[in-house]
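I have placed the structure first, in the form of structure tokens, so that the comments after it can refer back to it.
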Amino acid sequence: MKTETTALPDVLVITPARFGDERGFFSESWNRRTLRDAGVDLPEFVQDNHSLSHRAGTVRGLHYQAPPFAQGKLVRCGRGSLLDVAVDARRGSPTYGRWVAVELSFENGRQLWIPVGFLHGFVTREPDTEIVYKCTAHYDRASDGAVRWDSLGIDWGVDDPVLSDKDRAAPAFADWQSPFQCEGAA
Ligand SMILES: Cc1cn([C@H]2C[C@H](O)[C@@H](COP(=O)(O)OP(=O)(O)O[C@H]3O[C@@H](C)C(=O)[C@@H](O)[C@H]3O)O2)c(=O)[nH]c1=O
């Protein structure tokens, strides 16, 4: 297993080992102990999500759940490939409004750890791409929120994505009041 930091210090790329043989491969996609041994102690997960997007160029995001239902997410690609994006939305953070984008694919087996306080979104790169992610809090419809995908200058590699009605109607980042506060910030 490999862990790598990103330009946003709390967002991590985790790549579990794959044991290949003539049948294919085996991989422990989540192992708390292995990660702890590598110095990464993630919170408890209570919900797993799985979605399929038929068309390449589908954008889902940028999403969050407001506290007390805020979610940390451990994201991976189950089939196909996608560009996964995390935006620091913690008011008072030195990296507020900054984002990282990481290619996750079935092929590369990478996972992205996105802590509480970050917006999450992705664009699919291939048809019938599946995303699978573990969450640290349950879904709460009333706490669910979105920020406009194209309001942060993120290079999604697509101009006219497939979007949900909710995502099309989301406010721009600049017009949105983040419910997240950086720990230790005034
Ligand atoms: C997220 C979620 C949705 N739903 C329902 C609500 C709705 O009827 C249907 C589709 O929901 P959405 O349109 O919000 O699905 P989607 O646009 O895929 O939303 C997801 O996007 C990614 C980027 C995330 O980070 C997730 O946390 C989540 O916000 O599924 C649940 O029942 N449980 C859940 O945890």
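The values are calculated or read from the model by the stated rules, or taken from the named source; none is laboratory data. The shown structure was predicted, so the numbers you read here are calculated from the model rather than taken from an experiment. Here the Cβ positions follow ideal geometry from the backbone for every residue, glycine too, while neighbour counts run over all protein chains shown.
Scan the range 125-142 for residues that are surrounded by fewer than 17 Cβ atoms within 10 Å (Cβ to Cβ) and not aliphatic (A, V, I, L, M) and report the count.
8
Any residue that is within 28 Å of residue 177 (Cα to Cα) and buried (at least 18 other Cβ atoms within 10 Å of the Cβ) - is there at least one of those in the range 41-50?
No, the range 41-50 contains no residue that is within 28 Å of residue 177 (Cα to Cα) and buried (at least 18 other Cβ atoms within 10 Å of the Cβ).
Out of (1) at positive phi; (2) free of Cβ contacts under 8 Å to residues at least 24 places away in the same chain, what's the single condition that is false for residue 41?
(1)
Sort through 17, 70, 7 and tell me the only one that's within 16 Å of the ligand (Cβ to nearest atom) and either at pLDDT below 95 or not in a strand (DSSP E or B) (or both).
Criteria check complete, one pass: 70.
Please go through the range 140-186 and pick out each residue that is within 17 Å of residue 120 (Cβ to Cβ) and in a strand (DSSP E or B).
Correct list: 144, 145, 146, 180.
Restricting attention to the range 160-186, which residues are surrounded by 17 or more Cβ atoms within 10 Å (Cβ to Cβ) and of a type in the set (S, T, N, Q)?
The answer is 178, and nothing else.
Okay, residues lined up against (1) away from the ligand (no atom under 11 Å from the Cβ); (2) of a type in the set (Gly, Ala, Ser); (3) more than 17 Å from the chain's Cα centre (by Cα):
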| site | (1), (2), (3) |
| --- | --- |
| 106 | yes, no, no |
| 110 | yes, no, no |
| 149 | no, no, no |
| 156 | yes, no, no |
| 175 | yes, no, yes |
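State all residues of the range 127-139 that are in a loop (DSSP other than H, G, I, E, B) and either under 14 Å from residue 63 (Cα atoms) or aliphatic (A, V, I, L, M) (or both); if no residue qualifies, say none. First the steps, then the outcome.
Looking only at the range 127-139, we keep the residues that are in a loop (DSSP other than H, G, I, E, B), and these are 127-128, 136-139.
The answer is 137, 139.
Among 59, 87, 40, 102, which is the only one that is more than 16 Å from the ligand (Cβ to nearest atom), hydrophobic (A, V, I, L, M, F, W, C) and either farther than 30 Å from residue 171 by Cα or not in a loop (DSSP other than H, G, I, E, B) (or both)? Don't jump to the end; show me each part of the working.
Numbers: 59 fails: more than 16 Å from the ligand (Cβ to nearest atom); 87 fails: more than 16 Å from the ligand (Cβ to nearest atom); 102 fails: more than 16 Å from the ligand (Cβ to nearest atom).
Selected residue: 40, the only one of 59, 87, 40, 102 that is more than 16 Å from the ligand (Cβ to nearest atom), hydrophobic (A, V, I, L, M, F, W, C) and either farther than 30 Å from residue 171 by Cα or not in a loop (DSSP other than H, G, I, E, B) (or both).
In the range 65-98, how many residues are within 17 Å of residue 52 (Cα to Cα) and of a type in the set (Gly, Ala, Ser)?
So the answer is 3.
Could you list all residues from the range 43-56 that are in contact with a strand residue (DSSP E or B) (Cβ under 9 Å, 6 or more places away or on another chain), more than 21 Å from residue 107 (Cβ to Cβ), in a loop (DSSP other than H, G, I, E, B) and not aromatic (Phe, Trp, Tyr)?
Correct list: 46 only.
Return yes when residue 94 is assigned to a loop (DSSP other than H, G, I, E, B), surrounded by fewer than 15 Cβ atoms within 10 Å (Cβ to Cβ) and touching a Lys or Arg at 6+ places or on another chain (Cβ under 9 Å) and no when it is not.
Values: assigned to a loop (DSSP other than H, G, I, E, B): yes; surrounded by fewer than 15 Cβ atoms within 10 Å (Cβ to Cβ): yes; touching a Lys or Arg at 6+ places or on another chain (Cβ under 9 Å): no.
Answer is no for this residue.
Could you go through the range 62-85 and let me know if any residue there is among the aromatic types (Phe, Trp, Tyr), crowded, with 23+ Cβ neighbours inside 10 Å, farther than 13 Å from residue 125 by Cα and in contact with a strand residue (DSSP E or B) (Cβ under 6 Å, 6 or more places away or on another chain).
Initially, the range 62-85 is screened for residues among the aromatic types (Phe, Trp, Tyr), giving 64, 69.
Add one more test, that the residue is crowded, with 23+ Cβ neighbours inside 10 Å, and what stays is 64.
Applying the additional criterion that residues be farther than 13 Å from residue 125 by Cα yields 64.
Subsequent filtering for residues that are in contact with a strand residue (DSSP E or B) (Cβ under 6 Å, 6 or more places away or on another chain) retains 64.
Within the range 62-85 (the criterion being among the aromatic types (Phe, Trp, Tyr), crowded, with 23+ Cβ neighbours inside 10 Å, farther than 13 Å from residue 125 by Cα and in contact with a strand residue (DSSP E or B) (Cβ under 6 Å, 6 or more places away or on another chain)), the answer is yes, since at least one residue qualifies.
Condition first: surrounded by fewer than 13 Cβ atoms within 10 Å (Cβ to Cβ) and either touching a residue at least 40 places away in the same chain (Cβ under 8 Å) or more than 28 Å from residue 119 (Cα to Cα) (or both). Now tell me which residues in the range 19-36 satisfy that.
19, 20, 21, 22, 23, 24, 25, 26
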